[in-house]
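Enquirer: There's a structure below that I have some questions on.
Derivation of every value follows stated rules applied to the coordinates shown; laboratory data play no part. Small disclaimer: the values here were computed from a predicted structure and weren't measured. All Cβ positions, glycine included, derive from the backbone under ideal geometry; neighbour counts span all protein chains shown.
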Amino acid sequence: VTLLVAVHASSENWTPARWRTRLAERLPGRRIALWPDDAVDPSSVRYVAAWKPPPGLLATFPNLEVVFNLGAGVDALLQDPRLPDVPIVRVATDDLTNRMSEYVLMHTLMIHRQQRYLDDCQRRGFWTPRDQWAANALRVGVMGLGVIGADAARKLALVGFDVAGWSRSPKSIEGIACFAGDAGLAPFLARTDVLVALLPLTPDTRGVLDRRLFADLARDGRLGGPWLINAGRGGLHVEEDVLAALDDGTLLGAVLDVFATEPLPPEHPFWGHPKVTVTPHNAADSDAEAISAYVAAQIVRHEAGGALANLVDRRHGY
Ligand SMILES: NC(=O)c1ccc[n+]([C@@H]2O[C@H](COP(=O)([O-])OP(=O)(O)OC[C@H]3O[C@@H](n4cnc5c(N)ncnc54)[C@H](OP(=O)(O)O)[C@@H]3O)[C@@H](O)[C@H]2O)c1
């Protein structure tokens, strides 16, 4: 076996058999096996393409060379206490990045153009437009200036928003006010009307979106208060703090794609909250074809002596 596929089917498109077909088309002549269905000699496995494999599984392959995490976030994978010390490649494809930026653009525009208010007016039959400011009057702050955050920031700036970003290490992106590290957080928040979280979930970022942080957001903007969009991971926001901040007006609204528990439990207060928009972790649906092409290309390059791209840095947890 060259490549073992360890995924569970979350949809028709994600069945292990479909992954095998796609990968086999792109890696002709290599043996591709499915875990747990196929009988496999563990020592024959060189690569594993995995999404949330059971803890301990990857440690059973003594000749494993590379793990391909079939998503952008590796928080679930890094929970494995027996994760072998081999390179981990995560997904960073234009397809995924473009879809994430669409989500960010759409929701920022909905807030900016007061679309929820207009929908409500339509339902009531009211022709009552409110003042509308230009895009450059809205300050958008993107937390995480990685593959996705940097793309979203650039596209927001292209629309005309006044965009800033925050990352761990200092960045320089044309047209974006870049802030970094602990020292950069307060000034970044102080000029943010719409906060867009595109951070990975790590020990450092867990719970970063809490009451204290919401209180540091700008309150002097055109919206009359700040909004939160979280499309990173649910563990970034503290749910009770989001609810309390919405209820006391510290936040005007929240758009949440990701949750501590997914699917969001039916009784969860976010579902019916008038100031919350819930989307079912589909800010970016993964295109399995694009991911398969990406994994196959990396294997071919690796075997030709080339470098693997988008490696996870375990010290930082992303
Ligand atoms: N909702 C969805 O459907 C969906 C889809 C795809 C991805 N995601 C989420 O989006 C996340 C980001 O993806 P990506 O590809 O853009 O990741 P990435 O390229 O690794 O970028 C991560 C960014 O976060 C910054 N960062 C990490 N830890 C930080 C900290 N402690 N303080 C400040 N900044 C920190 C990094 O700073 P440096 O630049 O200094 O390293 C980097 O700019 C993924 O991890 C995943 O959780 C969600």
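Enquirer: What is the ratio of the Cα radius of gyration of the stretch 269-309 to 2.2 N^0.38 Å, with N the residue count, to two decimals? Present the calculation step by step, with values, prior to reporting the outcome.
Expert: Numbers: Rg = 18.7 Å, N = 41, 2.2 N^0.38 = 9.0 Å.
Dividing the Cα Rg of the stretch 269-309 by 2.2 N^0.38 Å gives 2.07.
Enquirer: Which far-off residues, 5 or more places away or on another chain, put their amide H under 5 Å from the one on residue 165, with H placed in the peptide plane?
Expert: Correct list: 142, 177, 178, 179.
Enquirer: Which three numbers, in whole Å and largest first, are the semi-axes of the equivalent ellipsoid of the stretch 70-204 derived from its Cα gyration tensor as √(5λ)?
Expert: 33, 19, 13
Enquirer: Ok, one more. Classify the stretch 159-298 from the C-alpha gyration tensor, please: rounded if a/c falls under 1.5, else prolate or oblate depending on whether a/b exceeds b/c. Could you put the intermediate results ahead of the total?
Expert: Values: a/c = 1.77, a/b = 1.11, b/c = 1.60.
Here the stretch 159-298 falls in the oblate category.
Enquirer: If you don't mind, there's one more thing I want to ask. Please list log₁₀ I(q)/I(0) at q = 0.07, 0.12 Å⁻¹ for the chain, using the Debye equation with identical point scatterers on the alpha-carbon positions.
Expert: -0.32, -0.85
Enquirer: Once Lys and Arg get +1 and Asp and Glu get -1 on their Cβ, which of 121, 297, 272 lies farthest toward the positive end of the dipole of the chain?
Expert: Going by the charge dipole, the pick is 297.
Enquirer: I want to verify the translational diffusion coefficient of the stretch 1-61 in µm²/s; compute it with Stokes-Einstein, Rh as the Kirkwood radius over Cα pairs, at 37 °C and 0.692 mPa s.
Expert: Values: Rh = 11.7 Å.
D = 280 µm²/s.
Enquirer: Sort 34-46, 99-111 by the packing proxy (mean of other Cβ within 10 Å over each peptide's residues), most packed first. Mind showing how you got there, number by number?
Expert: Details: 34-46: 14.7, 99-111: 19.8.
In decreasing order of mean packing, 34-46, 99-111 become 99-111, 34-46.
Enquirer: Oh, and also: Tell me the Kirkwood radius of the stretch 104-152: reciprocal of the mean inverse pair distance over distinct alpha-carbon atoms, in Å.
Expert: Result for the stretch 104-152, one decimal place: 12.7 Å.
Enquirer: Based solely on C-alpha atoms, express the radius of gyration and the Dmax of the stretch 22-126 in angstrom.
Expert: Cα radius of gyration and Dmax of the stretch 22-126 are 21.4, 69 Å respectively.
Enquirer: Additional query: Give me, ordered by chain and number, the residues 5 or more places off residue 227 or on other chains with an amide H under 5 Å from its own placed amide H.
Expert: 194, 195, 252
Enquirer: Which value, in debye to the nearest 20, describes the size of the charge dipole of the stretch 221-281 about its Cα centre when Lys and Arg Cβ atoms bear +1, Asp and Glu Cβ atoms bear -1, and nothing else is charged? Intermediate results must be reported in sequence, preceding the final value.
Expert: Values: 3 positive and 8 negative charges, 62 e Å.
Around 300 debye, computed over the stretch 221-281.
Enquirer: In the stretch 216-256, which trypsin sites (Lys or Arg not before Pro) are in a loop and have at most 16 other Cβ atoms within 10 Å, using DSSP for the loop call?
Expert: Working: sites: 219, 222, 233; in loops: 219, 222, 233.
Sparse-neighbourhood loop trypsin sites (Lys or Arg not before Pro): 219, 222.
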